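These notes are about the structure you will find just below.
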Amino acid sequence: MKRTPLYDEHVQLGGRIVDFAGWELPVMYSSIVEEHTATRTRAGLFDVSHMGEISVRGKGAAEYLSRMIPTRMDKLEQGKSMYSCFLNERGGVIDDLFVYMVSDEEYYFVVNAGTKDKDLQWMKDHAAEGVDIIDLSDETAKIDIQGPRSEEIVSDVLRDPAVQELKRFYYTDTRYNDHDIMVSKSGYTGEKGYELYVPNGIASTIWNALLEAGSGKGLKAAGLGARDSLRLEACYSLYGHELGEDISPVEGNIGWIISSSTDYAGKAAAEELKRNGAPRELVYFELTGKGVPREGCRVLYSGNDIGYATSAGFSPTLKKGIGFALVQSGTVKTGDQIAVVVRDRPIEAVLVNRPFYAFNG
């Protein structure tokens, strides 16, 4: 299995190491609830260096990108990022991703760890003359700091006014210990926060500097468990759960990313699904009965099986079970009472609007 440059730091902090997409990563250090609550109320520090980073450069980079994603290019500007995806010809999602605009001739992709090799091959298969596709994953560490106090902690470590002035989804290049790093005001938790892209060689130094700066501000190192429960409360999709090769953006409730008029890969199928609707839709539920729902639990309405939970678990903030479910389109609506089958026992639940937890900042 692979290890990030921060593996030894996780071991020293007592992290419980698990296999995640072929990487040895901490699922938690103390407890998922503790780390989740720290991120919601103060700050959490996450190692997400397993993610893939790919640079697209050259005079044809902008045109190339417009043919690869279904999202309008005018949503981007230099120094800004946006969420999008790669589509297959059926309108399914090869991967969801963030793309950062460095210039008209350079873009920076951040993709999922488990799909990085597939994404890279897809990008190369569709490459055009004058475009270079460069995998930067093996030399790049990614550290996320999230939560209400993340801004003041980052400001203590990176004394750059440009970082402090960032707006959400914008990024800046700065220096730390004579090394270039990229800092984005974004994240996957439903809190204000930052994502730092740094060279492997200084990952431990900056990780420990952030921990030290946050030691009196309630910062906690947080693992994969808290990252998942935080994104669940914020209703952020996870590839392989709410999105996939056979789950379209329309079904995954992110149909808004289909906005480009360019002839991009998968356009015909994507636009037909957006125009005419998909056979399934994503809904959101809270348990009203006692229990903890999990991925794969069947969902019942009036005694009929209408779908399954794509992601589900206990919400430390709401103190109840919550989840997403992919169900037959048009069968249920917000406010309807359903049942989620947990260990062969139907548990009462209600459909609610997203998100479970509103973004703070």
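Just so it is clear, none of the values below were taken in a lab; they were calculated from the coordinates. Only a predicted model underlies this, so the values are computations on that prediction, with no experimental measurement involved. Every residue, glycine as well, gets a Cβ built from its backbone with ideal geometry; the counts of neighbours run over all protein chains shown.
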If the chain between Asp138 and Asp104 were fully stretched, how many nm would it gain, using 0.36 nm times the residue separation less the Cα-Cα distance?
-> 9.7 nm
Hey, what do the phi angles of the stretch 167-182 turn into as Karplus ³J(HN,Hα) couplings, whole Hz, using 6.51/-1.76/1.60 and θ = phi - 60°, x for Gly and Pro?
-> 9, 4, 6, 9, 9, 9, 8, 9, 10, 9, 6, 6, 10, 6, 9, 10
Could you calculate the FRET efficiency of Ala162 with Asp8 from 1/(1 + (r/R0)^6), where r is the beta carbon distance between them and R0 is 41 Å, rounded to 0.05?
-> 0.85
Please identify every one of the trypsin sites (Lys or Arg not before Pro) in the stretch 304-337 that sits in a loop by DSSP and has no more than 12 other beta carbons within 10 Å of its own beta carbon.
-> Lys319, Lys333
Among the GluC sites (Glu not before Pro) within the stretch 147-239, which fall in a DSSP loop and have no more than 12 other Cβ atoms within 10 Å of their own Cβ?
-> Glu165
In whole µm²/s, the translational diffusion coefficient that Stokes-Einstein assigns to the chain, given a Kirkwood hydrodynamic radius over C-alpha pairs, 37 °C and 0.692 mPa s, equals 155
Helix-only CD estimate at 222 nm, as mean residue ellipticity for the chain, using -39500 (n - 2.57) per DSSP H run (n ≥ 4) | -6000 deg cm²/dmol
Extension length gain for Asn200 and Met1 (0.36 nm per residue less Cα distance), in nm, is 69.9 nm
Percentage relative contact order, the chain, counting C-alpha pairs under 8 Å, at least six apart = 19
Ordered by residue, what ³J(HN,Hα) values in Hz, to whole numbers, does the stretch 310-322 give under the Karplus form 6.51 cos²θ - 1.76 cosθ + 1.60, where θ = phi - 60° and Gly and Pro are x?
-> 8, 8, 6, x, 8, 8, x, 7, 8, 6, 7, x, 9
